[in-house]
Every structure is written in structure tokens, then in C-alpha cells.
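What follows is a set of notes on a single structure, which appears directly below.
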Amino acid sequence: MMTLTRGERFIQSLKDGRSIWLDGKRLDDVTGHPAFRGTLRTLKHLFDTLDNKDVREQVGFWNPATNAYAHSSFLVPASKADLQKRRDAFAYWANETYGVMSRLSDYARSLVTGWYASRHEFASFDPHFDDKITRYYEEARDKDLFLTTALLDPQIDRSKSPSEQRHPDAVLRIVKETEDGVVVRGAKMIATAGPYCHDFLIFPYYRLKENEQQYAHLLIVPANLPGLHIICRESFASLQDDNHPLSAKYEEMDAVLLFDDVLVPWERVLLKGSAQGIWELRMNETANALAFHQTVVRLLAKLEFVAGVSFAVADSIGASGFLHVQEKLGELVTQVESIKALLLVSEIQARRNDAGTVLPALSPIETARNLGTRYYPRAIEILQQIGAGGFMQVPSTLGELDGPLANLMKTCYAGKQIDAEHKVRLFKLAWDLVGSPLGSRHELYERFYAGDPVRTYANQYLYADKSELTGLMRNFRQTHAAREEGLHESDNAGPALSYTPQ
């Protein structure tokens, strides 16, 4: 009997009866649908890297429990070397997908790893938390579970809290408790990678009121539970690799989760009923530092890719010698170097917490995430400005370059030092970033994936250690006052003695 590769096992595991809806129809098998074909092929390749002897050391760590490699997102860092190992794994998968697949499970896996590493902090909210998160962490690590998050409430009336919505079943809540678990009803979004994940991490993203206990829960929900419906947005996947090279391979589906009285087993109910407990979990430094670290590694890979495409486009049309284009390309370099520096600083300033876990410094990570919400849209704008009308110039298919008008087209579609085929391929790749549905989705995603950018910038001010900065002002006032006092005393000391050179 032929042994399946790790990637093949991942694909087979998705045939579990889950309820996935696309274009108004329930899909019998997500693995055979053209909207997911390219994405699942990419994920299969990534899973197989853990068994590839040439790269598995870069992607994973040896797991004695399975006598195989586990992805390094499950590695609890006990040293800066471990932190570097985690970054290497994030960077490998991010570079393999050019940063355009943001939810490759390593983010959600890092949250689980962080909760496991800080499990003692939640004993006061649930004495069984330690045991539950330990068993789930080991299961997810040993079975290569693909995880994602669904943290936001549906946008019905954002001016009201969950308990104030006009329909009581709009926001996910616990409606009943049984011997087997809790019954939940309502909706959650945005479940990126939802159709092909194994489990959803579900908890409120914003702070709840103390009287909203029914909404206060941390659930880890299997994707195939009865009553759970995964509602996909329109697919941006393309079956034309030549015309849409990114959309054909890296389309991350986003979904809304509808819970129609879903029974979640008690072993997957990690916390419930405490708004304070859920908020402390949401703000947990260990989980956030490990997970946010991954987002910055992925952001760097994406900005590097956009910069590389922009450089190639400018060179292909002979525009890289213009000063105003050089200024824009220099701005892209500045973006890349700034994020790279912040990432390195977060690791250089890493510290060991009381539990012995080595965490990257959060302040530079949060700075990078905040900058990313503005950097990426600006990077896309620069690419648009450089390519300009050239994006409208490409033929509908590459095949036309070998058609009846081949000689004429190969002349007018050529670039400065590049033939027509390579230039058209380059511009189609760039268009997939700046003008396709996939490209528009990515710009929207980068603006808001970390939350409301106004709030995140404000939070960086609110939670920053401002003592050193405000101390500068105090020192100035004290020094200035002392100098003024000294001058005043000097004025009252009488006339200065005259001095006559000899």
C-alpha cells in the first residue's frame, strides 16, 4: 500500500463532511472544486516541506512524540535561537507564497502555542484550562492541524454592543449547556482559509461588558461539526496561470461562519462566562508576541515581492533612470528596510518571561504592523504609478503573441531590454497585484487585518511606556529652571570686577 505524503494526507483530511457554501450551493468535496484547486496544490507543497530532507530543518523541529518534524510555529522558544528558528519557518512559507497568503495556519498555531506556554495564567478563570490547552496543543502539533481564526462579529449595527443588537441570534453566543458541551448560535467572521482548515479559534476580538457572559468564550471548533456552515465570498481564483499567476495559486478564501445550534464538546471549550478572562486571553503577551511576530515576517516578504516587481517593471520600460521614479523606488526600499529593522530589533530585544518563554519585543512588532497598514497600499500605489497605462496595454492572452499578428505584436509589446513574452508576463503578474479582484482584496486586507488602524495607532500610544519620553521634558524644565535661577542669582551679586590685561 502506497504511503501518502504529508501534503496528501492534509488534502484527504478535508473530505470530512463539512458544510461549505459557494455561489449558493453546498460543495460535496472542497478538494475537487476549481475555486480551491490552485490553493490546495500550494498548501500540499507547503505541508510536504516538513518531510523534505533539504528544507525540513528550516521549516520544522524534531518532535519525539511522532518521530517526525513538526512545524516550528508549535515551537515554544526557550532561547533566541528558537525564536530565529520560528522566523526561519515563517519566512520559508511566506517566501514560497510571496507573502500573499497571510493565513497559512502559522498565525493561529502561534496563538495556540502562546496559550499553551502561558497556560498557568488562566487557572483562575477555568481550573481545567491547563489540561485542555495542553491536550489540544499536542494534538494540533502531532496531527499537523491547519488552524485559522474567526474573531469578528457580523457588521449589523457597529454602534451597538453584542447584547444590544436588534436580533439576539446575530452574534455568536452560548444558548445552552449540556453534559456533552455547549450549544452555540450566531455568526462569526472573517474566517480566512475557513473552507480548508481543520479547526477554528473563536473568541471575541473586542472587550465585552461584564453582563455579556454568553458571548464570552474561547472555543476551538472543528470545521465539520453538524450545524456549522462555512459561507464563502466570491472566488477570485483563476484557472489561467499565464494570465493570473497569483490568483491561480494563492487565492485565500474568506468566509463567514454560521452556527445553527452547534454543539461544541467540553474539551474544546477552553474558557467561558468571564468577560475579564477572555479579555486577558485576547491581550495575552505571550500569544500575541509569538503570533504577531509571524505577521511581520510575512509582511516583509510581501513588501519585498512588491518592490521586486516594481523594480522589474521600471527597468522593462526604461523608467528606472528618471529621478521621480527613483524616488518612488527608493521609498519601497525604505519600506523594506524599516520593517526588516523593526523585525530584527524585536528579536534583539527579546526577553525571557517568568515562565521561561523567550518573547520578541512587542513594541517594534506593533510598530511594524501599524506601518504595514499604510506601507502596503502605498507600495501598490507606487507600482500603479510606474506601470501606468502599460497595464492597459497587455493583450488578453499570451497566446496572441504567437497568433496571426505575432510579428507586429512582438515588436510593440517588447520592452527596453526584454522581449514581448517576458514583458507581458511581467505586466500580467503586476496587474494581479494592483488591478485584479485578488489584488484589491489584498489591499483591503492589509489595511484592516490587524484591526481598525485608527484604534491600533491609538493603542500603541495608550499602552506605550512613555516615561522615558516624558522624562525628557521634565529634565528640560528642571535644567531650564536651574539655569534661570543661577542667572538670577548672578544678577543680584553686584557689579562684576573689571579686568585689565597686563
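The values are calculated or read from the model by the stated rules, or taken from the named source; none is laboratory data. The structure displayed is predicted, hence computed values, not measured ones. FYI the Cβ positions are ideal-geometry reconstructions off the backbone, even for glycines, and counts take in every protein chain you see. These accessible areas exclude ligands, DNA and RNA; they are computed on the full protein's heavy atoms, side chains included. Shrake-Rupley method; radii C 1.70, N 1.55, O 1.52, S 1.80 Å.
Roughly how compact is region 1-47, stated as its Cα Rg over 2.2 N^0.38 Å to two decimals?
Scaled against compact globular proteins, the figure is 1.23.
Pick out, in residue order, every one of the trypsin sites (Lys or Arg not before Pro) in region 52-118 that is DSSP loop and has at most 13 other C-beta atoms within 10 Å; say none if there are none.
Those that pass, being in a loop and sparsely packed, are Lys53.
Over the Cα atoms of region 129-184, Rg to Rh with Kirkwood Rh, two decimal places?
Rounded to two decimals, Rg/Rh equals 1.11.
Helix-only estimate, please: 222 nm mean residue ellipticity of the chain, summing -39500 (n - 2.57) across DSSP H runs of length 4 or more and dividing by its residues, to the nearest 500.
My calculation for the chain gives -15000 deg cm²/dmol from helical runs alone.
How much length would be gained if the chain were fully extended between Ser467 and Asp142, taking 0.36 nm per residue of separation minus their Cα-Cα distance, in nm to one decimal?
Between Ser467 and Asp142, full extension yields 112.5 nm more.
Suppose every K and R has +1 on its Cβ and every D and E has -1 on its Cβ; what is the size of the dipole of the chain about the Cα centre, in Debye to the nearest 20?
Dipole about the Cα centre, nearest 20: 260 debye.
Determine the sum of side-chain charges near Tyr137: Lys and Arg each +1, Asp and Glu each -1, restricted to other residues whose C-beta is under 10 angstrom from that of Tyr137. It would help to have the intermediate numbers written out before the result.
Values: positive: Arg109, Arg119, Lys132, Arg135, Arg141; negative: Glu138, Glu139, Asp142.
It works out to a net charge of +2.
Straight distance only, please: which lysines reach the Cα of Lys209 with their own Cα at less than 21 Å, same-chain residues fewer than 8 apart left out?
Counting by Cα, and skipping residues close in sequence, Lys209 has these lysines nearby: Lys160, Lys176, Lys188, Lys272.
Using r as the Cβ-Cβ distance of Glu234 and Gln478, and R0 as 56 Å, what FRET efficiency do you calculate, to the nearest 0.05?
0.35
Ignoring ligands, DNA and RNA, please state the percent of accessible area on region 10-146 from carbon and sulfur, probe 1.4 Å.
Result for region 10-146: 46 percent of the exposed heavy-atom area is carbon or sulfur.
Taking N as the number of residues in region 75-150, what value does Rg over Cα atoms divided by 2.2 N^0.38 Å take?
1.22
Tell me, rounded to the nearest percent, the portion of alpha carbon pairs in region 162-241 spaced more than 20 Å apart. Working shown, then result.
Numbers: 1285 of 3160 pairs.
Taking all Cα-Cα pairs of region 162-241, the fraction more than 20 Å apart is 41 percent.
Could you order the peptides 33-44, 453-464 from most to least packed, using the average number of other C-beta atoms within 10 Å per residue?
33-44, 453-464
From the gyration tensor of the Cα coordinates in the chain, what semi-axes in whole Å does the equivalent ellipsoid have, largest first, with each one equal to sqrt(5λ)? If you can, show how the numbers build up before the last one.
On the way: eigenvalues 357, 280, 100 Å².
They are 42, 37, 22 Å, listed from largest to smallest.
How many percent of all Cα-Cα pairs in region 276-417 sit more than 20 Å apart?
61
Determine the gain in length on full extension of the stretch Glu400-Gln84; use 0.36 nm per residue of separation and subtract their C-alpha separation, reporting nm with one decimal. Walk me through the numbers before you get to the answer.
Details: separation 316, 0.36 × 316 = 113.76 nm, distance 4.74 nm.
That pair, Glu400 and Gln84, stretches by 109.0 nm at full extension.
Report Rg(Cα)/(2.2 N^0.38 Å) for region 184-288, keeping two decimals.
Its radius of gyration relative to the 2.2 N^0.38 Å reference: 1.29.
How long, wide and thick is region 15-157, going by the Cα atoms along their three principal axes, in whole angstroms, largest first?
47, 45, 30
Between region 226-254 and region 274-330, what's the alpha-carbon centroid distance in Å?
About 22 Å separates the Cα centre of region 226-254 from the one of region 274-330.
Starting from a Cα-only point model with no solvent, please compute log10 I(q)/I(0) by Debye for region 53-99 at q = 0.23, 0.25 1/Å.
Each listed q maps to, in turn, -0.80, -0.90.
Could you check the spin-label model distance between Asn353 and Trp21? Points 7 Å from the Cα along Cα→Cβ, value in nm.
3.9
Under 21 Å from the Cα of Lys80, which lysines turn up, not counting those fewer than eight places away in the same chain?
The qualifying lysines are Lys340.
Between the alpha-carbon centers of region 383-411 and region 463-482, tell me the distance in whole angstrom.
Each part's Cα centre sits 60 Å from the other's.
Cβ neighbours within 10 Å, averaged per peptide: list 438-447, 406-415 in order, most packed at the top.
438-447, 406-415
Per residue, how much accessible area does region 51-134 show when a 1.4 Å probe rolls over the protein heavy atoms, in square angstrom?
38
Please work out the FRET efficiency for the pair Tyr206 and Glu8, using the Cβ-Cβ distance as r and a Förster radius of 51 Å; give the result to the nearest 0.05.
Given R0 = 51 Å and the Cβ-Cβ separation, E is 0.80.
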